[in-house]
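Notes follow the structure.
The values are calculated or read from the model by the stated rules, or taken from the named source; none is laboratory data. Small disclaimer: the values here were computed from a predicted structure and weren't measured. All Cβ positions, glycine included, derive from the backbone under ideal geometry; neighbour counts span all protein chains shown. The protein model used for the area step is the full one, side chains on, heavy atoms only, and it has no ligands, DNA or RNA in it. Shrake-Rupley method; radii C 1.70, N 1.55, O 1.52, S 1.80 Å.
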Amino acid sequence: MAETRYTETHEWARKEGEEVLIGISDHAQKELGEIVYLDVTVGVGDKLEKGKEFAVLESVKAASDIYAPISGEVTRINQEVIDKTTMINDDAEGAAWMVAVKPTDMAEFESMMDADAYKKAIEEG
Amino acid sequence: MTPFSQSKKTRLYERLIEAGGSMIEFAGYLLPVRYSGIIQEHLAVRSTAGIFDLSHMGEFFLQGKDAGRFLHHLLANDVLGLTIGHICYTPMLYSDGGIVDDLLCYRLGEEEYMLVVNATNIAKDDAWVCERLDAFGGEVEYSNRSDDYTLIAVQGPRAEEIVAQVTDIDLSSIKHYWWDKGQVGGQRALISRTGYTGEDGFEIYVDGESDRIPIWDGLVAAGKDLEMIPVGLGARDTLRLEKKFCLYGNDIDRTTNPLEAGIGWTVKLDKDDFIGREALLKIKEAGLSRKLVGFKMEDKAIPRKDYPIFAGGDRVGKVTSGTFSPSLQVPVGLGYVDIARSKVDTAIEVEIRGKRHPARVAKAPFV
């Protein structure tokens, strides 16, 4: 499987062919608890801008913004995970990707944390 | 905000961590927001039982010849009507009818009472009680023993079966909103049949002279075979919300009165005197302008505190509490709406992140 990269705000990104898939980390879903609602506020064809929110997750307790880890044009939205948000708790870094984008600048992806660096960042809190 | 490291720990803290609690800061304490998961914990309380550490709650004690008369004046409910062993739920009001806090008043003895107040209001309530007591005079001894008390709740349809295993008290003789004293887990404790979940259950108060750990451990062991699990603040909130129990700071506060909050039954306007009575009589005579209602969302969006409510294009109120209902599996909320929009089945809209989502005023309690 292609390498997964992470942000400090707990999103992940992974290159698959021409696209980059984006979701939230397994660590984040554990922290949030049961996810009961996902509102993806962008549509196919929209531009994601690195650092800007593109979706809101609701756990039972609270809402959390999700930020674009890289810039790009949205090519696909995962309707399955919107319809069945428990997928995020079950497989956050796999089947529960949220959007796919055609990246504007792969250097943004390259500058994200790798799994080891992310793990370290979490441990350091 | 208090830095995380300065938050207080309850005397059961180690047990909460061992049980897998995800800790957050609440009312100056480190408390579990959840253990296994809010939905699972919620459903356990509805179907079997859950155990809660509620030691952050406040306990005030009043005694003396005039304690009853003072509390009858301080609180809106009928304190002098309580017999020893009985408890009432009551708001404590400002003279303008706004709410200082909502609390439980236990009559412990001939001239002795315990008030159980919200953790977030302990300092404010303490100051209020002292101020009003100064003005009232009389023979009343008051002490705030909140830091000395541990409070453990066991809630759910199997609560009695569980607690009965570790106490010598005849629980079947304790009616809803009554209390008794005895041994629990080999320690002295006060048990009341009360709670904030809408299920049958008990609240167990233990002071500094007893060891709390054996009580918690005994209850956990007794509940093991009956599928009792520890429950955090997250499920405590969803459980109370489904029953439309008000949460101070959300559904009631200094700017709301008990009549519009739907707890008018706790306000005894026919008492000759209590703080807030004059104001409430006027409010009642003028008629309510708004009401706290329950509503169900008609899509999957979750309403949260302070979101605006619309009806027919007009802004008609705001959300005070909202969540995903684990029992109903739909988003539900409470909010104040104009009296004209407060009837069950009225179509309303909740504005969530700039977009209006359809909802409908619903019968509450929701379950």
- [ ] Please name all residue pairs, on different chains or six or more residues apart, with Cβ atoms under 7 Å, provided the first residue is in the stretch A:29-48 and is over 10 Å from A:Glu73 (Cα atoms) and within 14 Å of chain B (Cβ to nearest Cβ) and the second residue is assigned to a loop (DSSP other than H, G, I, E, B) and open to solvent by 20 Å² or more (accessible area, probe 1.4 Å).
- [x] A:Gly33/A:Lys61; A:Tyr37/B:Lys300
Open item on the list: free of Cβ contacts under 8 Å to residues at least 40 places away in the same chain, touching a strand residue (DSSP E or B) at 6+ places or on another chain (Cβ under 9 Å) and surrounded by fewer than 19 Cβ atoms within 10 Å (Cβ to Cβ): which single residue out of B:Lys300, B:Lys284 fits that description?
Closed with: B:Lys300
- [ ] Could you please let me know if B:Arg360 is touching a residue at least 40 places away in the same chain (Cβ under 8 Å), open to solvent by 50 Å² or more (accessible area, probe 1.4 Å), more than 18 Å from A:Leu38 (Cα to Cα) and more than 14 Å from every other protein chain (Cβ to nearest Cβ)?
- [x] yes
Task: Residues of the stretch B:109-145 satisfying the condition of being among the acidic types (Asp, Glu) and either in a strand (DSSP E or B) or open to solvent by 50 Å² or more (accessible area, probe 1.4 Å) (or both) - done: B:Glu110, B:Glu111, B:Glu112, B:Glu131, B:Asp134, B:Glu139, B:Glu141
- [ ] With the condition kept exactly as written, say whether any residue in the stretch B:305-318 is farther than 17 Å from B:Cys246 by Cβ and assigned to a helix (DSSP H, G or I).
- [x] no
- [ ] Determine the pairs where a residue that is within 14 Å of another protein chain (Cβ to nearest Cβ) and open to solvent by less than 10 Å² (accessible area, probe 1.4 Å), located within the stretch B:232-254, has a partner that is aromatic (Phe, Trp, Tyr) and part of a loop (DSSP other than H, G, I, E, B) with Cβ atoms under 6 Å apart, the partner being 6 or more residues away or on another chain.
- [x] B:Gly232/B:Tyr35; B:Arg240/B:Tyr196; B:Glu242/B:Phe366
Task: Residue within the stretch B:285-296 that is more than 25 Å from the chain's Cα centre (by Cα) and under 30 Å from B:Ile51 (Cβ atoms) present - done: no
TODO: Scan the stretch A:52-75 for residues that are open to solvent by less than 50 Å² (accessible area, probe 1.4 Å) and either outside any strand (DSSP E or B) or touching a Pro at 6+ places or on another chain (Cβ under 8 Å) (or both) and report the count.
DONE: 7
Open item on the list: With within 14 Å of chain A (Cβ to nearest Cβ), over 22 Å from B:Thr197 (Cβ atoms) and touching a strand residue (DSSP E or B) at 6+ places or on another chain (Cβ under 9 Å) as the only criterion, which of B:Ile352, B:Ile348, B:Ile339 stands out?
Closed with: B:Ile352
